[in-house]
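Everything below concerns the one structure shown next.
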Amino acid sequence: MKYYEVNFDGLVGPTHNFAGLSYGNIASDKSAKENSSPKGAALQGLEKMKALSDLGMKQGVLPPQERPHMPTLRKLGFTGSDKEVLGKTAKTNPALLAGASSASCMWVANAATVSPHPDTADGRTHFTPANLVSMFHRSIEHPATGRALQTIFADESRFAHHPALHSSSHFGDEGAANHTRFCSDYGDPGVEFFVYGVEALRKGAPAPKRFPARQTLEACQAVARLHGLADDRVVFAQQNPDVIDQGVFHNDVISVGNGRILFHHEKAFLNSTEVKAELDRKLPGADMIFVEVPDAQVPVEDAVQSYLFNSQLISCGANASGRGGSNSATLIAPIECEENPRVKAYLDQLVSSGSAISDVRFFNLRQSMKNGGGPACLRLRVVLNDGDLASLGARVLLDDHLYADLKAWIERHYRDELTAEDLRDPALLYEVRTALEELTRILNLGKLYDFQRG
């Protein structure tokens with residue numbers, strides 16, 4: 001039976017806006033209060049999905065969440081009609097309204113951590129939604145995330161779903177943005193790589209000084225236990241605190257992996273030599289391939305500005321199914337990498353040198369990038385075989401027909417431009433609900449949203 005690494009991309013929601021909500025995310029801070037284009041953002045993301053599908057990748061979609069999220073505002077004490085709640089929130093605390101309206105769930109690399117069934121003790125694929133406790137606007141996502149994942153991956157004989165971890169900073173969990181799986185072939189047992197920013201329960205442990213460490217060792221260990229992962233198939237590594245303080249808020253801003261390849265900056269990890277040796281020792285049946293980017297060629301500042309490491313690392317064509325261990329991979333990079341002279345020079349040299357990364361393709365994702373999310377932020381990777389794919393409980397695998405349906409849906413329902421003032425407009429809320437009602441029919445998701453469920 002064939003196995004595939006399926007990229008499930010988040011559809012950008014109709015309230016995509018620039019509110020500068022993500023402390024430690026430099027791009028998000030720089031774009032704060034600019035007008036956004038929800039339609040432009042959604043179409044850019046959809047075109048990237050279509051391009052990868054055309055390359056031979058299995059490509060899925062995940063739905064956006066309802067925003068503004070009225071249940072959250074009502075839980076915080078705002079009462080009255082929807083119009084009154086929005087008006088009171090905007091008057092009392094505009095930042096709170098911006099948080100409840102954020103379309104940040106588009107970055108589904110933070111949706112969950114996924115361990116495929118070749119790695120787990122019970123032979124099922126395990127999902128744990130990320131609690132995202134470090135940021136208010138993201139901490140409200142996990143209930144709806146869990147519901148969507150359970151709806152799509154509904155076969156309990158194949159898939160196991162866990163609730164998000166305890167909502168405490170000691171168990172801060174940012175999902176797959178800090179998790180990578182290495183393997184020879186996608187259907188073979190692999191080694192799961194968890195990267196954390198701080199050991200929260202140990203006093204005096206190394207930690208960043210300027211920006212928060214969003215992922216804890218304790219969260220990584222808890223997810224590994226819940227997923228039934230064997231100790232000899234797990235590696236825990238600490239992110240370099242110095243790079244967190246330079247804007248590397250997740251590991252996927254400083255490294256990316258696929259199959260046997262780890263593409264990383266030389267300053268990514270606190271103890272890089274030991275980390276790489278442990279990965280190499282624990283990977284079953286093959287050697288790791290490390291592609292290390294020297295700081296002298298691409299300083300951390302350039303890596304953060306261009307999002308070089310927030311690229312997707314994929315195996316195309318025949319290698320899209322099963323051959324995770326291919327020695328040749330393609331980098332799906334944001335166009336900012338092409339525009340940064342040092343990054344572009346490095347990539348040209350990398351491809352021409354005969355390295356494990358043999359091709360680079362650039363994509364325009366400016367609307368997402370301005371809010372601090374590149375190609376890798378937009379996707380959640382799930383290893384599935386043919387039987388798993390046949391069991392999915394929704395129409396979420398992209399083909400030409402679904403692509404056409406989603407493009408027409410975006411064109412019908414999304415605004416070309418959105419301002420901060422628009423978030424208080426009840427008309428926007430009703431536009432969102434109308435769009436999501438239609439989307440659940442397109443994707444066969446049933447009554448997924450709170451407004452549908454009463």
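Mind checking which lysines have their Cα closer than 22 Å to the Cα of residue 91? Skip sequence neighbours fewer than 8 apart in that chain.
Leaving aside lysines fewer than 8 places away in the same chain, those within reach of residue 91 are 33, 75, 83.
Got a number for carbon plus sulfur as a percent of the chain's accessible area, 1.4 Å probe?
Answer for the chain is 49 percent, counting heavy atoms of protein chains only.
How far is the Cα center of the range 432-454 from the Cα center of the range 107-122, in Å?
Taking the Cα centre of each part, the range 432-454 and the range 107-122 sit 25 Å apart.
What nm value, rounded to one decimal, do you get for the distance between residue 154 and residue 55 when each label is placed 7 Å out toward the C-beta?
3.2
Send over a whole-number figure in Å² for the accessible area per residue of the range 191-348, probe 1.4 Å.
Accessible surface, normalised per residue, equals 36 Å².
Using alpha-carbon pairs under 8 Å, 6+ residues apart, how would you state the relative contact order of the range 160-304 in percent?
25
At 7 Å along the Cα-to-beta-carbon direction for both residue 408 and residue 339, put a label point, then send me their distance in nm to one decimal.
3.4
Quick check for you: which residues of the range 288-318 have the amide N under 17 Å from the point 7 Å beyond the Cα of residue 245 toward its beta carbon?
Residues passing the 17 Å test: 300-301.
What length, rounded to one decimal in nm, is gained on full extension from residue 274 through to residue 1, with 0.36 nm per residue of separation minus their alpha-carbon distance?
Separation in residues times 0.36 nm, less the Cα-Cα distance, equals 94.7 nm.
Just the number, please: percent antiparallel of the DSSP beta bridges in the chain, rounded to the nearest 5.
Taking every DSSP beta bridge with both residues in the chain, the antiparallel ones total about 55 percent.
Determine the dipole magnitude for the chain: charges of +1 sit on the beta-carbon of Lys and Arg, -1 on that of Asp and Glu, nothing else is charged, the reference point is the Cα centre, and the result goes in debye to the nearest 20.
Using Cβ point charges on Lys, Arg, Asp and Glu, the chain gives about 980 debye.
Using 7 Å Cα-to-Cβ label points, what is the residue 34/residue 82 separation (nm, one decimal)?
So the two model labels end up 3.0 nm from each other.
How would you classify the chain from its alpha-carbon gyration tensor, with a ≥ b ≥ c the square roots of the eigenvalues: rounded for a/c under 1.5, else prolate if a/b is greater than b/c, otherwise oblate?
rounded
With charges set only on the Cβ (+1 for Lys and Arg, -1 for Asp and Glu), what does the dipole of the range 280-401 come to about its Cα centre, in debye to the nearest 20?
Approximately 260 debye in magnitude.
Give me the lysines in straight-line cross-link reach of residue 58: C-alpha distance below 25 Å, same-chain residues under 8 apart excluded.
Cross-link targets: 2, 39, 48, 50, 407.
From the square roots a ≥ b ≥ c of the eigenvalues of the alpha-carbon gyration tensor of the range 193-315, which class results: rounded (a/c under 1.5), prolate (a/b over b/c), or oblate?
oblate
Taking the Cα centre of the range 63-109 as origin, sum charge times position over the Cβ atoms of Lys and Arg (+1) and Asp and Glu (-1), and report the length of that vector in debye to the nearest 20.
120
In the range 326-418, with Lys and Arg counted as +1 and Asp and Glu as -1 at Cβ, which of these residues, 369, 414, 404, has the Cα nearest the positive end of the dipole, that is, farthest along it?
Value computed over the given set: 369.
Using a probe radius of 1.4 Å on heavy atoms only, what accessible surface per residue do you get for the range 28-128? Whole Å² is fine.
34
Kindly identify the range 108-226 as rounded, prolate or oblate by the Cα gyration tensor criterion: order the square roots of the eigenvalues as a ≥ b ≥ c, call it rounded if a/c is under 1.5, otherwise compare a/b with b/c, prolate if a/b is larger, else oblate.
oblate
The values are calculated or read from the model by the stated rules, or taken from the named source; none is laboratory data. It should be emphasised that the depicted structure is a prediction, and the values quoted were computed from it without experimental measurement. FYI the Cβ positions are ideal-geometry reconstructions off the backbone, even for glycines, and counts take in every protein chain you see. All accessible areas refer to the heavy atoms of the entire protein, side chains included, with ligands and DNA or RNA removed. Shrake-Rupley method; radii C 1.70, N 1.55, O 1.52, S 1.80 Å.
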